[in-house]
1. Please verify whether Ala97 is more than 19 Å from Asn123 (Cβ to Cβ) and either exposed (fewer than 15 other Cβ atoms within 10 Å of the Cβ) or hydrophobic (A, V, I, L, M, F, W, C) (or both), treating the condition exactly as stated.
2. Going by what's in this entry, would Lys63 be described as at pLDDT below 95, surrounded by 13 or more Cβ atoms within 10 Å (Cβ to Cβ), closer than 24 Å to Leu6 by Cα and more than 12 Å from the chain's Cα centre (by Cα)?
3. For segment 87-123, how many residues are more than 22 Å from Ala38 (Cβ to Cβ), of a type in the set (Gly, Ala, Ser) and over 16 Å from the mean Cα position of the chain (by Cα)?
4. For segment 19-44, give me the residue count where each residue is open to solvent by less than 60 Å² (accessible area, probe 1.4 Å) and either among the aliphatic types (A, V, I, L, M) or under 12 Å from the mean Cα position of the chain (by Cα) (or both).
5. If I ask for residues that are in a helix (DSSP H, G or I) and of a type in the set (A, V, I, L, M, F, W, C), which ones from segment 45-79 would you list?
Amino acid sequence: MAHETLLELIEFLGKTSAEVKRIEAEAEVVVETEGQVAFQIKMEEKAEILAALGEKAWKLTDKIEGSLGDEITQKLEQFSMSASTALRIGSVFFMSALLYPEDHVQGEPNDLEAFIEELKKKN
């Protein structure tokens, strides 16, 4: 059961990550074509998805027992809390930086993608 649940969670997180990537790509286009307000709307959309991540994954994470379940829940809550903070303070820069560490190199996985890869190794 835990194995199947972890697979479901990895699939859910993969879909979420793809959605975030799609929004980020759209944001790059709209900032050039429509301006800063359109970019902000896209970044808010990204942050809202991430803010809801812990809650939306809860039914799955709740089924994963032990330290792995706790670790997953804690990591997803970190993503959610950062996004919620970015939305609360209204910082477009903070929203755009969500999932990217300060030393991120373009082309390398963001924090959510790296977390998904970690989970795949534990599966």
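The values are calculated or read from the model by the stated rules, or taken from the named source; none is laboratory data. Keep in mind that what you see is a predicted model, and the values were worked out from it rather than measured. No Cβ is skipped: glycine too gets one built from the backbone with ideal geometry, and neighbour counts run over all protein chains shown. Areas reflect the complete protein model, heavy atoms only, side chains present, ligands, DNA and RNA absent. Shrake-Rupley method; radii C 1.70, N 1.55, O 1.52, S 1.80 Å.
1. Yes.
2. Numbers: at pLDDT below 95: yes; surrounded by 13 or more Cβ atoms within 10 Å (Cβ to Cβ): yes; closer than 24 Å to Leu6 by Cα: yes; more than 12 Å from the chain's Cα centre (by Cα): yes.
When the stated conditions are applied, Lys63 passes them.
3. 1
4. 9
5. So the first thing to find is which residues in segment 45-79 are in a helix (DSSP H, G or I), and the list is 45-51, 53-61, 66-79.
Scanning segment 45-79 gives Ala47, Ile49, Leu50, Ala51, Leu53, Ala57, Trp58, Leu60, Leu68, Ile72, Leu76, Phe79.
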